[in-house]
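First comes the structure, then the notes that go with it.
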Amino acid sequence: MTENPPSSPCQLSVSRQELVELVRSQLEALLQQENFQGAKALLVPVQPADIAQAIEGLPKAMQAIAFRLLSKQEAIEVYEYLDSSIQQSLIAELRQQEVLDIVDKMSPDDRARLFDELPAVVVQRLLQQLSPAEREATALLLGYKEGTAGRIMTTEYLSVKEDLTVSQAIERVRVLASATEIIYYLYVTDRERRLTGTLSFRDLVIAQPEQRLGEIMTRDVVFVQTDTDQEEVAQIIQRYDLLAVPVVDTEQRLVGIVTVDDVLDVLEQETTEDIYKLGGVEAGGDNYFQTNVLTAARKRVVWLFVLLLANTGTTAVISAQENVLEQVVALAAFIPLLIDAGGNVGAQSSTVVIRGLNLREVGIKKALQVVTRETITGALLGVMLGIAVIFWAYLLEGSLPIAITVGMSLLAITILAAVSGSGLPFLFGAIGLDPALMSAPFITSLVDVLGVFIYLMLARAILQL
């Protein structure tokens, strides 16, 4: 009786994430046993993106060992998928020639992204040792401002002249396809390299061989400038359902293309930064969970200090109204409920407004309309929550005046929170500050301080203290 050979990870009916975890655990076990041949064989059928994720999950001491098991071509593909912090650590671990072999074969946009993260001395050394063509392509991208189309584009694209026939263009695609990032689009340029049209590979294939490209190309071209913000590039690709968008310079000359895979990276990066900012965490280029504990603490401590100082205002308000709380001690029990409810309403309003600003769904011109809408929403929420709180407070304290005080305070605080949550992002955006970064801590502090003040003032009036 013969034993069935063990199934490779790719043969198992598992999700992609389960596959990656399976590969990572088996790879770590094989490396611990120093079974390098087995580890190498394990990685053969696995996709480069999955290998990269598996390597990132290994202990740091094993990452370079696992990476060295890959063939030269595999190593180049896997390296482009790795987190920037892992890429940097591998450069320190690998021999100089190994690093050059990988970096020289990377696509220009991925290489430029890597160089952004490396020390200037290392970048200069690597640039000097690249092939002339790759050095020129990388220097071109590094010359553009970060966060623009010029910085994230690739110079590996197919361009043709409109007087070529379809059969000549197909032959050009066949010859140059391996040196380009995508072949789904051909870009038509004139003698000065100015972009005059585009042509999809589908249109090329179904056209007659003797037709000229000028007869079948699209002259109404969607393109971006080298200084176009990368978020706007992503929105253009999404709006027009493109796989790539051409990039032109100030003289309309074609200099590169931005592909949809790079746009997905941009969207992930921008969304991550916005989420970090909403939480009061300093945004950074590295994966947060790949950073050390001290760096993680530094990223989070700044706004915590700001909030700590701002919340002294709440303490000052409570201290100034101590006589109210001394006369009706029960009022103190509802302070956390009121400021937490207000903070939550403010956070909801700011979240929808900031997302709308990022997606260009709303702008400064619509600020009054949006704030009015959120104020009405806050009032409705306040009425619903206020009625519930009146019943709850009455059950707890058995005092109708106290219950009415709490309910009316909650209504006033939710309206205040809705106004500040929707208005502050527009205000900060108008004066050139990042709405996502500034809004969350200021909304929290404003609602806390003014919420407690409103509550105690209403208590003084209703309870006649």
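Looking across the range 99-122 at every residue that is surrounded by fewer than 17 Cβ atoms within 10 Å (Cβ to Cβ) and charged (D, E, K, R), the one that is nearest to residue 41 (Cα to Cα) is identified as 101. Evaluating residue 145 against the criteria (1) open to solvent by 70 Å² or more (accessible area, probe 1.4 Å); (2) among the basic types (Lys, Arg); (3) in a helix (DSSP H, G or I) leaves one unmet condition, (3). Taken together, 339, 354 contain a single residue that is in a helix (DSSP H, G or I), touching a Pro at 6+ places or on another chain (Cβ under 8 Å) and surrounded by 16 or more Cβ atoms within 10 Å (Cβ to Cβ), which is 354.
For every residue, the table says whether it meets (1) crowded, with 16+ Cβ neighbours inside 10 Å; (2) touching a Leu at 6+ places or on another chain (Cβ under 7 Å); (3) more than 20 Å from residue 223 (Cβ to Cβ).
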residue: 170; (1), (2), (3): yes, yes, yes
residue: 181; (1), (2), (3): yes, no, no
residue: 184; (1), (2), (3): no, yes, no
residue: 197; (1), (2), (3): yes, no, no
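Listed by first and then second residue, the pairs linking a residue in the range 159-186 that is free of Cβ contacts under 8 Å to residues at least 60 places away in the same chain to a residue that is part of a strand (DSSP E or B) and surrounded by fewer than 16 Cβ atoms within 10 Å (Cβ to Cβ), with Cβ atoms under 9 Å apart and 6 or more places separating them unless they lie on different chains, are 186/200. Using the structure shown, decide if residue 248 is on the phi < 0 side of the Ramachandran plot, modelled with pLDDT of 90 or more and open to solvent by 40 Å² or more (accessible area, probe 1.4 Å). Answer is no for this residue. Look at residue 388 and say whether it is assigned to a helix (DSSP H, G or I), over 30 Å from residue 238 (Cα atoms), of a type outside the set (Asp, Glu) and out of contact with any Gly (no Cβ under 8 Å at 6 or more places or on another chain). Criteria met by residue 388. Against the condition more than 26 Å from residue 396 (Cα to Cα) and either touching a helix residue (DSSP H, G or I) at 6+ places or on another chain (Cβ under 7 Å) or open to solvent by less than 20 Å² (accessible area, probe 1.4 Å) (or both), how does residue 346 come out, does it pass? Spelling it out, residue 346 is indeed more than 26 Å from residue 396 (Cα to Cα) and either touching a helix residue (DSSP H, G or I) at 6+ places or on another chain (Cβ under 7 Å) or open to solvent by less than 20 Å² (accessible area, probe 1.4 Å) (or both). Given the options 449, 383, 419, 389, name the one that is modelled with pLDDT of 90 or more, under 27 Å from residue 276 (Cβ atoms) and either in contact with a strand residue (DSSP E or B) (Cβ under 8 Å, 6 or more places away or on another chain) or among the aliphatic types (A, V, I, L, M) (or both). On inspection, the qualifying residue turns out to be 419. Residues considered: 444, 377. Of these, the only one that is open to solvent by 50 Å² or more (accessible area, probe 1.4 Å), touching a residue at least 12 places away in the same chain (Cβ under 8 Å) and closer than 24 Å to residue 277 by Cα is 444. Of all residue pairs spaced 6 or more apart or on separate chains, those with beta-carbon atoms under 7 Å, a first member in the range 380-405 that is among the acidic types (Asp, Glu) and a second member that is open to solvent by less than 60 Å² (accessible area, probe 1.4 Å) are 397/330; 397/403.
From the list 104, 109, 116, pick out the single residue that is touching a strand residue (DSSP E or B) at 6+ places or on another chain (Cβ under 7 Å), within 25 Å of residue 63 (Cβ to Cβ) and assigned to a helix (DSSP H, G or I).
109
Residues of the range 156-171 that are small (Gly, Ala, Ser) and out of contact with any Asp or Glu (no Cβ under 9 Å at 6 or more places or on another chain): 159, 169. Of everything in the range 251-269, what is open to solvent by less than 30 Å² (accessible area, probe 1.4 Å) and modelled with pLDDT under 85? Give them in sequence order. Once the filter is applied, which keeps residues that are open to solvent by less than 30 Å² (accessible area, probe 1.4 Å) and modelled with pLDDT under 85, the range 251-269 yields only 266. What do you reckon, is residue 93 among the acidic types (Asp, Glu), closer than 25 Å to residue 18 by Cβ and surrounded by 15 or more Cβ atoms within 10 Å (Cβ to Cβ)? So residue 93 fails the test.
Of the residues that sit in the range 201-225 and are within 19 Å of residue 153 (Cα to Cα) and in a strand (DSSP E or B), which one is most open to solvent (accessible area, probe 1.4 Å)? By that ranking, first place goes to 225.
The values are calculated or read from the model by the stated rules, or taken from the named source; none is laboratory data. Just so it is clear, the structure is predicted and the values come from calculations on it, not from any experiment. Ideal geometry is used to build each Cβ from the backbone, glycine not excepted, and the neighbour counts take in all protein chains shown. Note: accessible area is taken over every heavy atom of the protein model, side chains too, but ligands, DNA and RNA are not part of it. Shrake-Rupley method; radii C 1.70, N 1.55, O 1.52, S 1.80 Å.
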